[in-house]
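A short worksheet on the structure shown next.
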Amino acid sequence: MCRRYRFEKVTVEIEPGDKLHPELHLYNSYDVTWPLIVALGAYRLVCENRMVVEKMLFRFKKRHVLELERMDFQRDVSTALTRFNSQVKTWKEWRTQPLSLETYKKVMKAMEFGKNATEEIDQRMIQEAESYDDYSDFPIMDLWVFFNILTWYITHKAVSLNHRVELENRLRRAISYFY
């Protein structure tokens, strides 16, 4: 089971016209293959992809048989929404930071994409690039654009829900190379 709750009354603009909402993700399974997972992410309105947050603003993971009535989700989610503002600040900073070839290589290695996925992402980078560096022939873009290309791939091209969840977790770790 995968359920998402979008907080549409909370709208944040990374830049004019580039809006997103916080989004709560719930995962569970009847056959106990997945534990109950609650995570906060974001939903980008521009292309309707779901954004992976850099640090888990709120993540709850327990065995399937947990007694839910003991949980105080309202308090925990409210606290997470406050931390969401810090994540938005980071995303806005990425708009001013160029993607380097070194960062690209580290992130792509951490993502463990196959050949076809890498080619598809590279093709999207060509489409989204502002221009090209004459010396390295590398697309010029900021970290925010690159991040959006990766989340686009995860939300539009992952072959299954399990694969998407795995790619989201890889991206959370790979974001450390943005700094």
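Proximity of backbone amide H atoms, modeled 1.01 Å from N, is registered between Asp18 and no other residue at under 5 Å, excluding neighbours fewer than 5 places apart on the same chain. Phi angles across the stretch 170-179 convert, under the Karplus curve 6.51 cos²θ - 1.76 cosθ + 1.60 with θ = phi - 60°, into 3J(HN,Hα) values of 4, 5, 4, 6, 5, 4, 4, 7, 6, 10 Hz, Gly and Pro given as x. Around the amide H of Ser29, modelled in the peptide plane, lie the amide H atoms of Trp34, all under 5 Å away and 5 or more residues distant in sequence or on another chain.
Based on C-alpha pairs under 8 angstrom that are at least 6 apart in sequence, the stretch 101-178 has a relative contact order of 40 percent.
With θ taken as phi - 60° and the Karplus curve 6.51 cos²θ - 1.76 cosθ + 1.60 applied, the whole-hertz 3J(HN,Hα) list for the stretch 81-88 is 5, 5, 5, 4, 4, 5, 4, 4 Hz, x standing for glycine and proline. Close amide H pairs (under 5 Å, H built 1.01 Å from N) link Leu40 with His25, Leu57, Phe58, residues at least 5 positions away or on another chain.
With a/c under 1.5 counting as rounded, go ahead and sort the stretch 101-178 into rounded, prolate or oblate using the C-alpha gyration tensor (a ≥ b ≥ c being the square roots of the eigenvalues; past the cut-off, prolate if a/b is larger than b/c, else oblate).
Working: a/c = 2.03, a/b = 1.63, b/c = 1.25.
In terms of gyration-tensor shape, prolate.
Since every read-out is calculated from the coordinates, none of them should be taken as a lab result. Just so we're clear, the structure is a prediction, and the values are computed from it rather than from any experiment.
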